[in-house]
Amino acid sequence: MSEYLQTVFDKFELRVRKGFYYTKDDLWASVENGKVRVGVSDYLQKTSGDVAFIEVANPGSTTKLGKELGTIESAKTTVPLTSPLSGKIIEVNDKLVEKPELVNMEPYGEGWLIIIAPSDLDELRLLLSADDYYKLMLEKLQSERGKLESR
């Protein structure tokens, strides 16, 4: 049994990691020992293109659900990153300074962004399950296909 929900769109295979929580704007959250690791979804990293630079809030700073906590820059675009939870940022993935391409290579693994000590884990109920996010991603893909076909 796969740990991912998967689909193929165009030439891309897109995956959604089961057991994670997701925001509507394509970030994931994974609970680990009461802390929450945050990263970008496979969909976001593929539609944004090759990541060139990542900027996130510093450890020790606080973040609020839905507030901007950084940006990802690629050759195609700059994407604002909004926090999936409120809390204190306790760790930033320093590997991304030297190797931002880890986000493209392993968005659900080594390409994670930050770890938050949440102020209220109940906020997770406001996020999407993997199944619900997968459905949303499919809707976004259909929308993209429609835009491409109408050109």
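Any idea which of (1) at pLDDT below 95; (2) surrounded by fewer than 10 Cβ atoms within 10 Å (Cβ to Cβ); (3) part of a helix (DSSP H, G or I) is the one ASP122 doesn't satisfy?
Result: ASP122 passes all but (1).
What is the residue count in region 72-130 for residues that are touching a residue at least 12 places away in the same chain (Cβ under 8 Å), among the hydrophobic types (A, V, I, L, M, F, W, C) and closer than 14 Å to GLY49 by Cβ?
Looking only at that region, the number is 4.
On the given criteria, is LYS24 touching a residue at least 60 places away in the same chain (Cβ under 8 Å), at negative phi, among the basic types (Lys, Arg) and surrounded by fewer than 17 Cβ atoms within 10 Å (Cβ to Cβ)? Give the steps one after another, and end with the answer.
Values: touching a residue at least 60 places away in the same chain (Cβ under 8 Å): yes; at negative phi: yes; among the basic types (Lys, Arg): yes; surrounded by fewer than 17 Cβ atoms within 10 Å (Cβ to Cβ): yes.
Against the criterion (touching a residue at least 60 places away in the same chain (Cβ under 8 Å), at negative phi, among the basic types (Lys, Arg) and surrounded by fewer than 17 Cβ atoms within 10 Å (Cβ to Cβ)), LYS24 qualifies.
Within the bounds of region 38-48, is there any residue that is exposed (fewer than 14 other Cβ atoms within 10 Å of the Cβ) and either out of contact with any Lys or Arg (no Cβ under 8 Å at 6 or more places or on another chain) or under 17 Å from SER119 (Cβ atoms) (or both)?
Going through region 38-48, the residues exposed (fewer than 14 other Cβ atoms within 10 Å of the Cβ) turn out to be none.
No; the residues of region 38-48 include none that is exposed (fewer than 14 other Cβ atoms within 10 Å of the Cβ) and either out of contact with any Lys or Arg (no Cβ under 8 Å at 6 or more places or on another chain) or under 17 Å from SER119 (Cβ atoms) (or both).
Enumerate the strands (runs of 3 or more DSSP E) found wholly within region 7-59, keeping only those where 2 or more residues are in contact with a Pro (Cβ under 6 Å, 6 or more places away or on another chain). Spell out the reasoning first.
On the way: elements: 12-17, 27-32, 35-40, 51-56.
Correct list: 27-32, 35-40, 51-56.
On the given criteria, is GLY87 surrounded by 19 or more Cβ atoms within 10 Å (Cβ to Cβ) and over 14 Å from the mean Cα position of the chain (by Cα)?
Numbers: surrounded by 19 or more Cβ atoms within 10 Å (Cβ to Cβ): yes; over 14 Å from the mean Cα position of the chain (by Cα): yes.
Against the criterion (surrounded by 19 or more Cβ atoms within 10 Å (Cβ to Cβ) and over 14 Å from the mean Cα position of the chain (by Cα)), GLY87 qualifies.
For region 89-110, enumerate the residues that are touching a Lys or Arg at 6+ places or on another chain (Cβ under 9 Å) and not in a loop (DSSP other than H, G, I, E, B).
ILE90, GLU91, LEU102, ASN104, MET105
The values are calculated or read from the model by the stated rules, or taken from the named source; none is laboratory data. As the structure is a prediction and not an experimental result, all values here were calculated from the model. In this analysis, Cβ positions are derived from the backbone assuming ideal geometry, glycine residues included, and neighbour counts consider all displayed protein chains.
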